[in-house]
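Asker: Below: one structure in structure tokens.
Since every read-out is calculated from the coordinates, none of them should be taken as a lab result. Just so you know, these numbers come straight off a predicted model, no measurement behind them. Ideal geometry is used to build each Cβ from the backbone, glycine not excepted, and the neighbour counts take in all protein chains shown.
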Amino acid sequence: MLTRRTFLKSSALAAPLILTPSMLGAIRRAAPNDRIGLAVIGCGKRAFEMLGSFMDAPEIQVVGVCDVDTTRREHARKLVNDKYGNQDCVSTNFYYDLLIKKNVDAVAICTPDHWHINQVVEAAVMGKDIYCEKPLTLNLRECQLMIEAVRKGGVVFQTGSQQRTEFHGKFRQACEYVRSGRIGQVLTVHIGVGTSSKPCDLPEETMEPGLDWDRWLGPAPKRPYNSILSPRGIHSHYPQWRQYTEYSGGGMTDMGAHNFDIAQWGLDMDESGPVEVLPPQDEKAEYGATLVYANGVRVIHGGPDGITFTGTKGQIHVFRDRLASIPESILKEPLKDGDTKLPESPSHIRNWLDCIKNTENPICNVEVGCRSIACAHLCNLAYWHRRPLKWDPAKWEFPGDAEANKWLDYERRKGYELPPA
């Protein structure tokens, strides 16, 4: 089937071609008003936060919503229809119903972490551009599979790690100064985020009608319903499924997806990662796991909220509400010609949309997102198993360690296996 992406790739090999509005509309599979047809998968708090931005973007038309909870799903559908003044938005409890629609060009995936890999792989196979919320994956094997699927599908992929593009450029500036040598040789990076998740031990609760609980669980083990995992109706908080290993990696992966991402950016490691992970010496400690890089830099879990880069000439600390250095003079001296300048964008969603237009790689593309969350996964494994681990970031494996390589993935529930890429 001829898609916008395959058309553009094939035409690039031929003579220069001027795309008329009618041609571009056909390539986009007849999206309304020649806009990008977007489907939103998962209609929880984060999706509702983003929905307004998507609907306000002139090049987007939201054409479908999906959620396993009827109330949330129909609320999202009403918001979309009210915005556009029609009743055209498709509503379903199964995301694949949206992926097969010709007017869906792109998807925004806002489901719990344990569902991301299935939805990303199937969207990539169908040639849909993808915005996927962080944390991108539930484990290390899924990182490798996700990168491969997105590359094979040739889709434009953005990870929802918006610290690179927003917050008034604080994180970008910190990384520019670090990579320009303003703190000298980097020695350590401290990551201030929460702790690891634990196995789910919640008691059974009576489930109200309107929720497809089996589909919410998906590939995760079968267990009774509890409202902490999937609160009913429209809620204004982030549900605490993220605290349980069957669905997420705890605070380590939740904010870790943001803060390890900035560490990777500042260390210029977007295409690689650490080569070793060490547990804390205290076997009961919840902080202190250390990632060791080939150049000797150590990234340590613990410290004040945010990211603290320490080098031979000083220190830079950054978080969403602050950017500071020791000595203060480091940040007071402007960057010069020849210093590192990192990409800018007015917003994370805008960066994704611009890259869809130009068939380019967004600031937080799939490898960036997977490499960053891999750091958090490695720290979790250090706490869960309490032993040092060697890591090969190129092969995505623990070299010569058969026991550790069993921890790369988990056994998925029948009927929810990984789709072929």
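Asker: I'd like to compare 296-305, 341-350: which one has the highest average count of other Cβ atoms within 10 Å, and what's the full order after that?
Answerer: Details: 296-305: 19.0, 341-350: 15.2.
Most protected by this proxy first, the peptides run 296-305, 341-350.
Asker: Is region 366-412 rounded, prolate or oblate when judged by the Cα gyration tensor, a ≥ b ≥ c being the square roots of its eigenvalues, rounded requiring a/c under 1.5 and prolate requiring a/b larger than b/c? Write out the running numbers ahead of the final one.
Answerer: Working: a/c = 1.42, a/b = 1.36, b/c = 1.04.
Rounded.
Asker: Here is a further query. Radius of gyration and Dmax for the chain's Cα atoms, expressed in Å?
Answerer: In order Rg, Dmax, the Cα atoms of the chain give 21.8, 65 Å.
Asker: How much FRET efficiency would the formula 1/(1 + (r/R0)^6) give for ASN361 and TYR84, where r is the Cβ-Cβ distance and R0 is 30 Å, rounded to 0.05? Mind dumping the intermediate values first?
Answerer: Details: r = 31 Å, r/R0 = 1.02.
Efficiency for this residue pair is about 0.45.
Asker: Testing the spin-label approximation: label points 7 Å from Cα along Cα→Cβ at HIS385 and MET55. State their distance in nm.
Answerer: It is 4.7 nm.
Asker: Length gain on complete extension for the stretch ARG320 to LYS395, per 0.36 nm per residue less the alpha carbon to alpha carbon distance?
Answerer: 23.6 nm
Asker: Suppose a student asked you for the relative contact order of the chain, using Cα pairs under 8 Å spaced at least 6 residues apart; what percent would you report? Before the final figure, lay out the partial values.
Answerer: Numbers: 827 pairs, mean separation 81.4, N = 421.
With pairs under 8 Å counted, the relative contact order is 19 percent.
Asker: Going 7 Å from the Cα of ASN295 in the Cα-to-Cβ direction, what parts of region 335-361 have a backbone nitrogen less than 16 Å from that spot?
Answerer: Flagged as within label range: 339-342.
Asker: Check which residues have an amide H placed less than 5 Å from GLY127's amide H, if you skip close sequence neighbours.
Answerer: Sorted by chain and number, the residues that satisfy this come to none at all.
Asker: Karplus couplings for region 330-343 from phi (6.51 cos²θ - 1.76 cosθ + 1.60, θ = phi - 60°), rounded to Hz, Gly and Pro as x?
Answerer: 4, 7, 7, 8, x, 5, 10, 4, x, 6, 5, 10, 9, x
Asker: Within region 48-140, which trypsin sites (Lys or Arg not before Pro) sit in a loop by DSSP and count at most 15 neighbouring Cβ atoms inside 10 Å? Spell out each step's value before the answer.
Answerer: Working: sites: ARG72, ARG73, ARG77, LYS78, LYS83, LYS101, LYS102, LYS128; in loops: LYS101, LYS102, LYS128.
Those satisfying the criteria are LYS102.
Asker: Only counting other Cβ atoms within 10 Å, I'd like TYR225, TYR247 sorted with the fewest neighbours first. Intermediate results must be reported in sequence, preceding the final value.
Answerer: Values: TYR225 19, TYR247 22.
By the 10 Å Cβ count, ascending: TYR225, TYR247.
Asker: Could you pull the Cα extents of region 20-162 along its three principal axes, largest to smallest, in whole Å?
Answerer: 43, 40, 28
Asker: What is the order of ARG182, ARG232, fewest Cβ neighbours within 10 Å to most? Don't jump to the answer; show the numbers that get you there.
Answerer: On the way: ARG182 22, ARG232 16.
Fewest to most other Cβ atoms nearby, the residues stand as ARG232, ARG182.
Asker: Would you please state the base-10 log of I(q)/I(0) at q = 0.11, 0.15, 0.17, 0.23 1/Å for region 83-196, with intensities from the Debye formula using one equal scatterer on every alpha carbon?
Answerer: Values, matching the q order: -0.53, -0.84, -0.96, -1.25.
Asker: Using 1/(1 + (r/R0)^6) with R0 = 30 angstrom and r between the beta carbons of LYS222 and GLU403, what's the FRET efficiency to the nearest 0.05?
Answerer: 0.65
Asker: Using the Cα gyration tensor of region 270-373, with a ≥ b ≥ c the square roots of its eigenvalues, what is the shape: rounded (a/c below 1.5), prolate (a/b larger than b/c) or oblate (neither)? Numbers along the way, then the final one.
Answerer: On the way: a/c = 2.02, a/b = 1.29, b/c = 1.56.
It is oblate, given that a/c is not under 1.5 and a/b is not larger than b/c.
Asker: Nearest 500 deg cm²/dmol is fine: what mean residue ellipticity at 222 nm does the chain get from its DSSP H runs of n ≥ 4 alone, each adding -39,500 (n - 2.57), divided by its residue count? Before the final figure, lay out each step's value.
Answerer: Details: 15 runs with 142 residues, N = 421.
For the chain, the value works out to -9500 deg cm²/dmol.
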